[in-house]
Amino acid sequence: PRPVGSHLVIDEDGNFEGSVSGGCVEGAVVTEAMDVLRSGEPKMLEFGVADETAWRVGLSCGGRIRVWVERVG
């Protein structure tokens, strides 16, 4: 797990640097971030073990994570 305030930056080609979860949900965050880059509309992502998506994205370790995604620059 990563501490609150961790950052991940992504370019238009999908290259990224950093981590928001230590690897658990990075793939899903990158996919959503690509949509934000195209649309310019920020969004809040939420993942948790109660969610059906939790197992699919790898958050089977427990807990919840919220990730704010916005376009910068």
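All told, V36 meets the bar of being at pLDDT 95 or above and not in a loop (DSSP other than H, G, I, E, B). Considering only region 61-68, I want to know if a residue exists there that is touching a strand residue (DSSP E or B) at 6+ places or on another chain (Cβ under 8 Å), modelled with pLDDT of 95 or more and farther than 13 Å from P1 by Cα. Yes: region 61-68 contains one or more residues that are touching a strand residue (DSSP E or B) at 6+ places or on another chain (Cβ under 8 Å), modelled with pLDDT of 95 or more and farther than 13 Å from P1 by Cα. A count restricted to region 10-22 and to residues that are under 21 Å from G73 (Cα atoms), touching a residue at least 24 places away in the same chain (Cβ under 8 Å) and either among the basic types (K, R) or surrounded by 11 or more Cβ atoms within 10 Å (Cβ to Cβ) (or both) stands at 2.
For region 21-49, a residue qualifies if it is of a type in the set (A, V, I, L, M, F, W, C) and over 11 Å from V69 (Cα atoms), and the qualifying residues are C24, V25, A28, F47, V49.
Taken together, V30, V57, V49, V25 contain a single residue that is in contact with a Gly (Cβ under 9 Å, 6 or more places away or on another chain), of a type in the set (A, V, I, L, M), surrounded by fewer than 13 Cβ atoms within 10 Å (Cβ to Cβ) and modelled with pLDDT under 95, which is V49.
The values are calculated or read from the model by the stated rules, or taken from the named source; none is laboratory data. Since this is a predicted model, take the numbers as computed values, not measurements. Please note: Cβ atoms are built from the backbone with ideal geometry, for glycine as well, and neighbour counts cover all protein chains shown.
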